[in-house]
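The structure appears right after this line, and notes come after that.
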Amino acid sequence: MFAFQGTVEILCQSRFVALPNDYIGIYVIMAAATEAISEARSRALSVRWIISARDDLIWFIGSVVFSYALLILYLRGIVPLIPMVALWAVLIDAPHVFGTFSRTYFDRAERRNRGRLLWGSLLFFLVGPLMVLLGAGLLFFFFAALWAYYHLVKQHYGFMVLYKKKNRDLAPLDNALDRMLLLFAFNYPFVAFISRDAEAMARVPAVLRAGVNSLAALLLAGTIVFAIGWVARQIQRAFRGEPLNLPKYLLLAAAIPMHWVVLLTPMPHKPIAIVAILTIYHNLQYHRLIWFHNQKYLPAREGEVGAFESSRAELREKYGAAELISRHLLYYIAFGICFGVIYQGPRQYLGYLSLKGPATVARFEPSFPTQLGISLLWGYAFIHYYLDSKIWRVRRDPAVGAALKMD
């Protein structure tokens, strides 16, 4: 506003204002004023998106409404537990795991460049069955649940880092505050949920149960401290005229409150229900990012049809099945759902069988054969978690940065 007033005052003293009928002069005044406002806004806010304003606001930020919608539908009894979790797992969650595989195992170039990483990751299929055979099934499923939640938080952190890089929000102090805010603000409601829910606490190894309440109190205190420090830093940036990273703020405003609301709201069979409610937001974010990244498997559409087909043949030769999977959105969806039936179909069936058993077994410790089967199928998720921690490193992998158009 001050920049606008100053521009107008200066221009009013020029020769253009002296000519009231001079429409060219009026146009120059308006153009200069508009430019001044735009410059002032650009200094105050940094608004650079990963894909575009529309896509980011719908998929990376706005898709949080699906978590709230699922929460409301479940709390009101409109959507029963088993259908909700089973349909989400087969139609949405498993396909997002397939999204990782589409750009790794199904990518000929990735298999060549990351062969040791990809084939070595298959050992995760052995972790669960070995622990179950050793009598540590409860410990395994507790560890699996922790890694699953950490994976959700890590993705929020990853999107935040992408927005930070896009908007050149990389000052060491801001990096540290952003990281600590996420660490505490996401982990407190999770630990608080465990401490307040009997079914969740029963899944915690006995040796750790005594420390859950103390950990929750520590995380709450840390959340308050770092939230105050984070807000103070944003105020400081505003007073100094440093650009404020609007996409980062919107992402945090979407993700953090949703986790608090879902994790701290009482509901029946909460340890099972929240898996779908929390994760559907994560799934939709990831599907859009994968589809954006996988456009590298498609040829440019400019030029003649013959050149287009020739380029497609070259990409098919270079990338293999990844080119076919990403050729059309319907292909990607169809392959993902087929994978979902193969992966989550058996897992959901085994989970259903465990719920039909005696109360003490159904809720906390499924039968040995069921544990063995479910622990084996957890291997898909573990591979997804592990590969995701390796394949999205924009700074270390220029090809990823290029595919996501970070520059």
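The values are calculated or read from the model by the stated rules, or taken from the named source; none is laboratory data. In this text, all values refer to a predicted model and were calculated from it rather than measured experimentally. In this analysis, Cβ positions are derived from the backbone assuming ideal geometry, glycine residues included, and neighbour counts consider all displayed protein chains. We work out accessible area using only protein heavy atoms, side chains counted, and drop any ligands, DNA or RNA first. Shrake-Rupley method; radii C 1.70, N 1.55, O 1.52, S 1.80 Å.
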Filter the stretch 222-231 down to the residues that are touching a helix residue (DSSP H, G or I) at 6+ places or on another chain (Cβ under 9 Å), open to solvent by less than 80 Å² (accessible area, probe 1.4 Å) and hydrophobic (A, V, I, L, M, F, W, C) and list them by number. 226, 227, 230
What number of residues within the stretch 144-185 satisfy the criterion of being in contact with a Ser or Thr (Cβ under 9 Å, 6 or more places away or on another chain) and farther than 23 Å from residue 237 by Cα? 5
In the stretch 226-236, residues that are free of Cβ contacts under 8 Å to residues at least 40 places away in the same chain and under 19 Å from residue 172 (Cβ atoms) total 5
Just need a number here: residues in the stretch 60-91 that are within 22 Å of the chain's Cα centre (by Cα), of a type in the set (Val, Ile, Thr), open to solvent by 20 Å² or more (accessible area, probe 1.4 Å) and closer than 23 Å to residue 337 by Cα. 2
Checked the stretch 255-265 for anything in contact (Cβ under 8 Å) with a residue 24 or more places away in the chain and open to solvent by 10 Å² or more (accessible area, probe 1.4 Å); matches are 256, 260, 261, 264, 265
Sort through 146, 170, 244 and tell me the only one that's open to solvent by less than 50 Å² (accessible area, probe 1.4 Å) and under 23 Å from the mean Cα position of the chain (by Cα). 244
Return only the number of the condition from (1) open to solvent by 40 Å² or more (accessible area, probe 1.4 Å); (2) farther than 30 Å from residue 405 by Cβ; (3) not in a helix (DSSP H, G or I) that residue 204 does not satisfy. (1)
Determine whether residue 89 is within 21 Å of residue 149 (Cα to Cα) and modelled with pLDDT of 55 or more. yes
Tally the residues that are in contact with a strand residue (DSSP E or B) (Cβ under 6 Å, 6 or more places away or on another chain) and not small (Gly, Ala, Ser), restricting the search to the stretch 45-88. 1
Are there any helices (runs of 4 or more DSSP H) wholly within the stretch 247-366 with 3 or more residues that are modelled with pLDDT under 95, and if so which? 305-319, 329-355, 359-364
Of the residues in the stretch 92-107, those that are closer than 16 Å to residue 403 by Cβ and open to solvent by 30 Å² or more (accessible area, probe 1.4 Å) come to 106
